[in-house]
1. HIS16 passes all but one of (1) at pLDDT 95 or above; (2) surrounded by fewer than 21 Cβ atoms within 10 Å (Cβ to Cβ); (3) more than 30 Å from TYR198 (Cβ to Cβ); which number fails?
2. Give me the pairs: first residue in the stretch 34-53 and farther than 25 Å from SER314 by Cβ and touching a residue at least 40 places away in the same chain (Cβ under 8 Å), second residue among the hydroxyl-bearing types (Ser, Thr, Tyr) and surrounded by fewer than 16 Cβ atoms within 10 Å (Cβ to Cβ), beta-carbon distance under 9 Å, and six or more apart or on different chains, which are they?
3. Can you run down the residue pairs with Cβ atoms below 7 Å, 6 or more apart or on separate chains, where the first is in the stretch 239-256 and at positive phi and the partner is modelled with pLDDT of 95 or more?
4. If ASN81 satisfies all but one of (1) in a strand (DSSP E or B); (2) exposed (fewer than 15 other Cβ atoms within 10 Å of the Cβ); (3) not hydrophobic (A, V, I, L, M, F, W, C), what's the number of the condition it fails?
5. Among the candidates ILE138, ILE170, ILE109, single out the residue that is more than 20 Å from the chain's Cα centre (by Cα), over 16 Å from GLU28 (Cα atoms) and either part of a helix (DSSP H, G or I) or aliphatic (A, V, I, L, M) (or both).
6. Check off (1) modelled with pLDDT of 95 or more; (2) under 21 Å from the mean Cα position of the chain (by Cα) for LYS357 and give me the number that stays unchecked.
7. Output the number of residues of the stretch 173-231 satisfying the condition of being out of contact with any helix residue (DSSP H, G or I) (no Cβ under 7 Å at 6 or more places or on another chain), surrounded by 24 or more Cβ atoms within 10 Å (Cβ to Cβ) and part of a loop (DSSP other than H, G, I, E, B).
8. Residue check, ASP407 against (1) more than 22 Å from TYR241 (Cα to Cα); (2) assigned to a loop (DSSP other than H, G, I, E, B), all met but one. Which one?
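The values are calculated or read from the model by the stated rules, or taken from the named source; none is laboratory data. What you see is a predicted model; the values in this text were computed from it and never measured. Every residue, glycine among them, receives a Cβ derived from its backbone with ideal geometry; neighbour counts consider all protein chains shown.
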Amino acid sequence: MAEKTLLRHLDIPDFHKLDVYAAHGGYETARRVLTTMKPEEVVDQVKASNLRGRGGAGFGTGMKWGFLPKDTQKPIYLCCNADESEPGTFKDRAIIEWNTHILLEGILISSYAIKSHTAYIYIRGEFVFGAQRLEEEIAAAYAKGILGKNIFGTGYDLDVYVHRGAGAYICGEETGLIESLEGKRAYPRIKPPFPAVYGLFGCPTIVNNVETLACVPMIMQNGAAWFKAIGPESGPGPKVYCVSGHVEKPGLYELPMGVTLRSILYDHAGGIRGGKKLKAVMPGGSSFPILTADEIDVAMDFDSMRKINAFLGSAGIVVMDEDTCMVKALEIIDRFYHLESCGQCSPCREGTGWLHKLLSRLEQGDGKPEDIDLMDRICTNMMGNTVCVLADAAAMPTQSFLGKFRDEFVAHITEGGCPMKKRHAHGAESRQAA
């Protein structure tokens, strides 16, 4: 798949502008869909494509749309999840800021498919530039009759609103997002009922990720068979992989779903920075298990990752070289989840804080031999015992780090702190003495 679609802006200057997007065929697919197809036909096409959500869960998009109640008298809402809070993930931000109209066209087609006349883009509060760009381009689309009343003369109406969040990780969870959008504290809801039945303002609601919605125009333009031919049939399509950390060329890479992690790191991201050895990789963002250097010959798709007890997640690939202290890396991760816990559930509120406290103690050289097994038990008690999966997001990487790099945790106890830090300090003293 040589031609870029989601990252098309890299080859076309000012692609975020409506006139440039339109000059390259933008909104022609939406026009054809609205003027020649029934909403049910669009849903069937997306189902046939096997498009799976790009926000982390990987649930079938067309299947989710199909959960909406038939012939409901309530309004139906579409919510675009642009919160993108997962550490290591920055794909949605790029689409919002530089390929703005592929998202808006995806929202238009998707809203038509689910018979919604109101769509909200819930964007992370820190994405000030992205929110401004969305507002500007939405206004341009209204001015051209692409949004608003009687779109393309079909009688179909759609209003799109941008709603800025306050910068909370939990708003990336769909029911937390809905609560925040309603003006309340973002406490995730117990499910069922699911948002498709009881969502925003008590009405049927679909929540889809930015990248997911951006795939919809491609599917409707080229057909479900084209989309299914890119990568594994069970979860196909182009995918934007986010690569950060100790690589020569960090950045975004649009590749077919199912490319191997090794290929992403060495063929595209230039290998490990400074010619050092690879130590570990977080393949799906910070909330999932970590992989060691000998586990990177795995296809980066939903099902292949699950087979090795890992997750594709949001494809936020964080690379760590041989000089990385795994205890310190985990302490940073668990500090983040401790700060971001909404506090609704005791296992998460207390468990994340407890994990961070124990890891800080290890880093400071005050760890106890029983701390490692204690952390593992805390994780076991956290997982599956809360309303949402934030507790799991802290517990899964913690147990993975403990299992795969246990020797480093033990060394922090037996040597009274980080051996790596001590070696670096000793080396610096030696160089100064010389």
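1. Status for HIS16: all satisfied but (2).
2. LEU34/THR154; THR35/THR154
3. Filtered contacts from the stretch 239-256: GLY245/VAL318; GLY245/VAL319; GLY245/MET320; GLY251/VAL243.
4. Every listed condition holds for ASN81 apart from (2).
5. Only one candidate qualifies: ILE138.
6. Of everything listed in (1) modelled with pLDDT of 95 or more; (2) under 21 Å from the mean Cα position of the chain (by Cα), LYS357 misses just condition (2).
7. Qualifying residue count for the region: 1.
8. Every condition holds for ASP407 apart from (2).
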